[in-house]
Amino acid sequence: MEDIRAIILNRSNRKFWYIRYFITTKDGTVSKIEESTGVKKVEKTLAYMQTRFLPAWIARKFEARKVTKIQSKEFSYFAKIFLKDYEKWHDYQNIEYRVNRILTEFGEKSIASITKLEIKQFLNSLKNTQTKNEISKNTKNKYLRVFHGVFEIAVDGEAIDRNFTYEIKLKEVVKRDLDVVKPFSPYEVNTLLKEAQNTEYGLYLYDYLGIAFNQGMSPSEIIGLQIGDIDLVKRSITIRRDITKGKIKETKTVYRDRTIPLFDASMAHFENLIREAKRKTSLWLFSGIDGKNFEDIKDIRGNRILVKDGKVLRQNTKWYKLLVDCGIEYRGIKNCRHTFAVAALESKAFTPQQIANILGHGSLKMLLEHYAKWLKDKAMYASTSINLFENAYSKHG
C-alpha cells in the first residue's frame with residue numbers, strides 16, 4: 001500500500017504556504033517533494049492549513065496518483081511518449097499515422113495484457129486505405145517497429161518485464177498488390193488532363209500531370225526540376241536531383257541521373273512553368289508564391305488522408321477529388337509514370353532499352369518485371385504477315 005505523509009511549511013521569505021510530503025512506495029522507497037500550495041499566508045491561517053487544507057490535499061493526491069497509475073499501464077500512455085520522441089523527424093507524419101492506426105485497436109488496453117498473437121493478427125489484417133488490398137511485408141514491418149519502440153518504453157517504465165515484439169516475424173505477402181502498378185487508359189489520361197485545367201485542383205496539378213504522363217518521371221524528380229534543367233532548344237531534360245519530404249537529394253542511383261528527350265506533348269507545360277518561375281524570379285519549376293521549392297508531391301497532390309482521433313475519415317487530396325470528379329477508379333499519382341512506360345512499350349516507337357533509359361531503370365529486367373504483365377495480351381495483335389527469316393529462306397532456297 002502506498003503511503004503519503006505531508007506537513008505545512010511556513011517559508012519566511014515566501015508569501016504562500018508550502019507543503020512538504022513524503023511518498024513511500026510498496027518496495028519501501030521514500031521520495032521527498034516540496035511545492036507551493038498556491039494559498040497566500042495573508043488569506044489562511046496555519047491552523048486552517050493543517051486541519052482543513054492538508055487532509056483534503058492528501059486525499060486529492062491519492063486519487064491523482066491512482067488515476068496516473070491506471071493510465072500509465074495503457075498502451076496509449078507509452079505510445080504518446082514514443083511519438084513525442086519523433087516530433088522533429090522528417091518522417092514524423094508517417095510515424096504519427098501508423099501510431100494512430102495502432103491506437104484504434106490497442107489504445108485503451110493494458111500494455112501488459114497485449115499478446116504476441118494479437119499484434120500479429122492486427123498486422124496481418126492491415127489493408128491499404130485506398131485499394132483495400134493487403135499491405136506489403138515491408139509496410140507491416142514499419143508498423144511493427146512502432147510496437148518495438150512503444151514496448152521498449154514500457155520496459156523502461158517497468159510496466160512489463162521484456163519486449164517480446166522483437167520475436168514477431170512476418171511472412172511475405174504472397175500475392176503482390178497489382179494495383180501498385182495500374183496504368184491509366186488513353187481515354188482516362190485525356191479526361192484527367194482536360195479536367196485538371198480547372199484551378200479548383202490547384203495551380204500546378206495540370207502541368208504536373210502533363211509532364212508525368214508524357215515524360216515518365218517520378219514525382220520526386222518532377223518536383224526537383226529547375227529552369228536550368230530544361231533545354232527548350234535542344235529539347236532535353238536533365239534529371240539530377242529529387243525532392244521528398246523537404247529534402248533535396250541527388251537522384252537514387254547513377255541510372256536515375258540522366259538526360260532524356262523533351263517530347264512535344266510536354267512542351268507547352270514546360271513553357272508555362274518556366275514563364276511562371278521567371279515571373280517569381282525562382283529557379284524552381286514548382287514553387288510556392290515566395291518562389292521557394294515545393295517540399296513534397298503532397299504540395300501538388302494534397303495530403304493523402306484526413307485522420308482524426310486515430311481514425312481515417314476520408315481522402316483529402318486534390319488528386320483524389322480529380323479522380324472522383326472524372327469517375328475514374330482511384331490509384332496513386334505515381335501511376336502517371338507507369339502509364340507512360342506501358343504506353344511507350346505499346347507504341348513501338350522506342351526500343352525497350354530506350355524506355356529503360358528514359359525511366360532511369362538500371363536494367364531491362366526492371367522494366368519487364370514492372371510492366372510486362374500489362375502487355376501480356378498484346379501479342380495477339382501482332383501482324384501475321386511478318387516473316388522474320390524471309391531473307392534467309394531466299395538465299396538458300
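What number of residues within region 126-161 are aromatic (Phe, Trp, Tyr) and more than 22 Å from the chain's Cα centre (by Cα)?
Residues of region 126-161 that are aromatic (Phe, Trp, Tyr), as a first pass: 143, 147, 151.
Those still in the list that are more than 22 Å from the chain's Cα centre (by Cα) too: 151.
Within region 126-161, residues that are aromatic (Phe, Trp, Tyr) and more than 22 Å from the chain's Cα centre (by Cα) number 1.
Please find, within region 279-292, the residue that is surrounded by the most Cβ atoms within 10 Å (Cβ to Cβ) out of those that are closer than 19 Å to Tyr206 by Cβ and of a type outside the set (Val, Ile, Thr). That would be Leu285.
When you check Leu123 against the structure, is it under 15 Å from the mean Cα position of the chain (by Cα) and over 30 Å from Leu9 (Cα atoms), yes or no? Let's see the steps before the verdict.
Numbers: under 15 Å from the mean Cα position of the chain (by Cα): no; over 30 Å from Leu9 (Cα atoms): yes.
Answer is no for this residue.
Scanning region 81-136 for residues that are in a loop (DSSP other than H, G, I, E, B), among the hydrophobic types (A, V, I, L, M, F, W, C) and farther than 23 Å from Arg331 by Cα gives Trp89, Ile114. Screening region 177-205 for residues that are in contact with a helix residue (DSSP H, G or I) (Cβ under 7 Å, 6 or more places away or on another chain) and under 23 Å from Arg241 (Cβ atoms) and picking the one that is surrounded by the fewest Cβ atoms within 10 Å (Cβ to Cβ) gives Gly202. Glu43 meets each of the listed conditions (1) surrounded by 11 or more Cβ atoms within 10 Å (Cβ to Cβ); (2) modelled with pLDDT of 85 or more; (3) over 46 Å from the mean Cα position of the chain (by Cα) apart from (1). Residue pairs whose Cβ atoms lie under 8 Å apart, sitting 6 or more positions apart in sequence or on different chains, and linking a residue in region 126-155 that is farther than 22 Å from Lys109 by Cβ and in contact (Cβ under 8 Å) with a residue 40 or more places away in the chain to a partner that is among the hydroxyl-bearing types (Ser, Thr, Tyr) and not in a helix (DSSP H, G or I), are Gln130/Tyr330; Thr131/Tyr330.
The residues in region 189-212 that are touching a Cys at 6+ places or on another chain (Cβ under 7 Å) and either among the β-branched types (Val, Ile, Thr) or outside the structural domain of Thr317 (by TED's automatic domain parsing) (or both) can be counted, and the count is 1. A search for C-beta distances below 6 Å between a residue of region 346-371 that is β-branched (Val, Ile, Thr) and at pLDDT 85 or above and any residue that is surrounded by 13 or more Cβ atoms within 10 Å (Cβ to Cβ) and assigned to a helix (DSSP H, G or I), counting only pairs 6+ apart in sequence or on different chains, returns Ile355/Ala344.
Looking across Ile248, Ile239, Ile243, Ile222, one residue alone is of a type outside the set (D, E, K, R), in contact with a Gly (Cβ under 9 Å, 6 or more places away or on another chain) and at pLDDT 90 or above. It is Ile239.
Of everything in region 30-44, what is under 14 Å from Ser12 (Cα atoms) and not in a strand (DSSP E or B)? Give them in sequence order. Write out each step before concluding.
Keep residues of region 30-44 that are under 14 Å from Ser12 (Cα atoms), which gives 36, 40-42.
Scanning region 30-44 gives Lys41, Val42.
The values are calculated or read from the model by the stated rules, or taken from the named source; none is laboratory data. Quantities reported herein were computed from a predicted structural model and do not represent experimental measurements. Neighbour counts are summed over all protein chains in view; Cβ atoms, including those assigned to glycine, are modelled from backbone coordinates with ideal geometry.
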